[in-house]
Amino acid sequence: MEKKCYQCGSTNVVKVVPSSAAYIPEVKAQIAQGKAVVKCCCAGTGTAGQYLCNDCGFQWDHYYELTRQQEDKKKE
């Protein structure tokens, strides 16, 4: 499923992965394909995942998405 930025609406979104995971073949392939970016420290270490918009720089995680989805349902 293609991610869409909650800030600007762009689909130019990549997954944020910790540098310690960059050696994993699947993650390495995502980085090479431009579908993931490496951040040092603990970025992206949660199992829920973090995402970054390449256009506006907005970064969010799975829990932010859940909150936004709940808010959208309340508006309906």
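Each value in this text was obtained by applying a stated rule to the coordinates, not by laboratory testing. Nothing here was measured: the structure is a model prediction, and the numbers come from that model. Cβ: placed from backbone, ideal geometry, glycine included. Neighbour counts: every protein chain shown.
Each of (1) 3, 15, 17, 13, 11, 10, 8, 7, 5, 5, 3, 2, 0; (2) 3, 15, 21, 18, 12, 7, 7, 6, 6, 5, 2, 1, 0; (3) 3, 16, 24, 24, 17, 9, 4, 2, 0 is a candidate for P(r) over Cα pairs in 5 Å bins from 0, in percent; the one calculated from this structure is (3). Would you mind checking the tilt of helix 62-75 against the longest principal axis of the Cα atoms of the chain, expressed as 0 to 90 degrees and rounded to 10? The two axes meet at around 10 degrees. In summary, the lysines within cross-link reach of Lys28, defined as a Cα separation below 30 angstrom excluding same-chain residues under 8 places away, comprise Lys3, Lys4, Lys15, Lys39. Counting charges near Tyr6 (Lys, Arg +1; Asp, Glu -1) among other residues having Cβ under 10 Å from its Cβ returns a value of +2.
From its DSSP helices (H runs of at least four residues, each -39,500 (n - 2.57)), the chain gives a residue-normalised ellipticity at 222 nm of -9000 deg cm²/dmol.
Net charge near Tyr51: determine it from the other residues with C-beta under 12 Å of the C-beta of Tyr51, scoring Lys and Arg +1 and Asp and Glu -1.
With Lys, Arg at +1 and Asp, Glu at -1, the neighbours total +2.
Looking at the chain alone, DSSP beta bridges between its own residues are antiparallel in about 65 percent of cases. If Lys and Arg each add +1 and Asp and Glu each add -1, what is the summed charge of the other residues whose beta carbon sits under 11 Å from the beta carbon of Ala36? So the surrounding residues net to +3.
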